[in-house]
Amino acid sequence: MKPFPALLIALVFLVSGCGYKLGEIRPTPMRSVRTLSVPNFKNDTFESRVEVLFGDTVVKRLQQDGTYQLVNSSQADAILSCTIANIRTNSLRSVINNVLATSEFGLIVEVRYEVTHQGSGAILMQGTVLGNSSFFSGNDLQTSKQQALSNAALDLADKLTAQVAEGW
């Protein structure tokens, strides 16, 4: 009767690790990339100075993720180039007694990205990522929108990092 508990414990340890892999899992096109450079974002919108906000947020999120070491473009295996293509606001909720007035806005930021291999110039990955947020109309609409841009930057950075580091 003594070998049964030891066998059961060994079986639990063997089964509990099935299907898991330790370490990062990079997307197939990015397997050879260890270092990454993120130059300043380009801004194709009329919203001023948002490229710094989005660039800094993406860099911080990539550093937290740790899949790639961020370095200067001269030392990088690949370069992540991003362009803020569009910033849209839409009405999510209207005022109760006035359907023409908006009480809550939705904010969507569209960023196009491209990962280029430094040595060959080949495009490893490219796509579009959307960052979403919302804000309420109140006394200071501009301040509310700026806070919503910060929240959209965080959402976009999470999605872009997941795309580049994990492939989804």
Q. Taking the Cα centre of the chain as the origin and placing charges on Cβ (Lys, Arg +1; Asp, Glu -1), which of T83, V129, G106 is farthest toward the positive end of the dipole?
A. V129
Q. What Kirkwood hydrodynamic radius do you get for the stretch 79-164 when you take the inverse of the mean 1/r over all pairs of distinct Cα atoms, in Å?
A. 14.4 Å
Q.
Sorting check: for 70-78, 35-43, which peptide has the highest mean count of neighbouring beta carbons within 10 Å, and how do the rest follow?
A. 35-43, 70-78
Q.
If R₀ is 22 angstrom, what is the calculated FRET efficiency for the pair E47 and L92, using the beta carbon separation as r and rounding to 0.05?
A. 0.70
Q) Amide H neighbours of S137 under 5 Å, counting only residues 5+ apart in sequence or on other chains, H built in-plane at 1.01 Å? A) E104, F105
Q) Could you put Y68, Y113 in order, starting from the residue whose Cβ has the fewest other Cβ atoms within 10 Å? A) Y113, Y68
Q) Could you put T89, T28 in order, starting from the residue whose Cβ has the fewest other Cβ atoms within 10 Å? A) T28, T89
Q. At T128 and S74, where each label point lies 7 Å from the Cα along Cα→Cβ, what is the point-to-point distance in nanometres?
A. 3.7 nm
**Q.** Helix-only mean residue ellipticity at 222 nm for the chain, each DSSP H run of n ≥ 4 adding -39500 (n - 2.57), per residue, nearest 500
**A.** -11500 deg cm²/dmol
Q) How far apart, in nm, are two points set 7 Å out from the Cα along the Cα-to-Cβ line at V99 and at R34? A) 6.2 nm
Q) Under a point-charge model restricted to the Cβ atoms of Lys and Arg (+1) and Asp and Glu (-1), what is the dipole moment magnitude of the chain relative to its Cα centre, in debye to the nearest 20? A) 440 debye
(Q) Of the candidates F46, F105, F136, which one comes out as most mobile in a Gaussian network treatment of the chain with C-alpha springs shorter than 10 Å? (A) F46
Q. Under a 5 Å amide H to amide H cut-off, with H placed in plane at 1.01 Å, what residues pair with Q118 once short-range neighbours are removed?
A. A78, I79
Q) How big is the chain on each of its three principal axes, counting only the C-alpha atoms and giving the largest first in Å? A) 77, 50, 20
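Just so you know, all these numbers are worked out from the coordinates, no wet-lab data involved. These numbers were taken from a predicted model, which means no experiment stands behind them. Cβ sites come from the backbone with ideal geometry, for glycine too, and all protein chains shown count toward neighbours.
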